[in-house]
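First up is the structure itself, then whatever we jot down about it.
None of the figures in this text is laboratory data; all of them are computed from the coordinates on show. Given the structure is predicted, the values throughout are model-derived calculations rather than measurements. Virtual Cβ from ideal backbone geometry, glycine too; neighbours counted across all protein chains shown.
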Amino acid sequence: VIDRYRGVDAITIEGIPHDSFVAPRAAKSGARAPWALRGGTSSPLRRMVRMLSPAVAFVLYGGNDAAYYSTDAATLIRMFKKDLGRVIDALEEEGVVPVLHTLARHGNAPGVDDCGEPTGTNDWKLMVRTNALSVAVVEMACERALPLVDLRDALDTADAAGLSGDATHPSVHADG
């Protein structure tokens, strides 16, 4: 995938060519799935599609949904599937094939207790919640016959070697 998209100019902005890895995207650090659709026809997702006219879009949401929604697991899964379904629907309406991803396994985040307070955030709770949302993504890929990348499996041993400092988000490997 990287060889296919790296180095191929996707768009030129202010005279500077951008490949798919630096071109505009419908992603934002700290955003949950509904963020991509905020603003209707001016949403980040719609702007990205208008600018790039992509054939495929890699869709990876869930880490922030698991961390920032404070609700029971069943409600979290239901809300996430609804939100991710809306993102998938919007891409398909534009003729873009969504490629879904499971979530990276939540690691040991510095400064976050394994157990912590029952109502607060803790590593074990985030691990269970990200696992549950990965299952939801797999179910949606199967139900909708969409391509799926098992990112969780690919990054399963990635603590400090592919996950950012929050132990949730994929990032640059420490060795580059």
inquiry  = Per 0.36 nm of contour for each residue apart, how much would the distance between Ser29 and Val56 grow if the chain were fully extended, relative to their Cα-Cα spacing?
reply    = 7.6 nm
message = Tell me the net charge near Asp65. Cut-off is 12 Å between Cβ atoms, Asp65 excluded, with +1 for each Lys or Arg and -1 for each Asp or Glu.
response = +4
request  = Provide the net charge surrounding Thr41, with neighbours chosen by a C-beta distance below 14 Å and charges set as Lys +1, Arg +1, Asp -1, Glu -1.
outcome  = +2
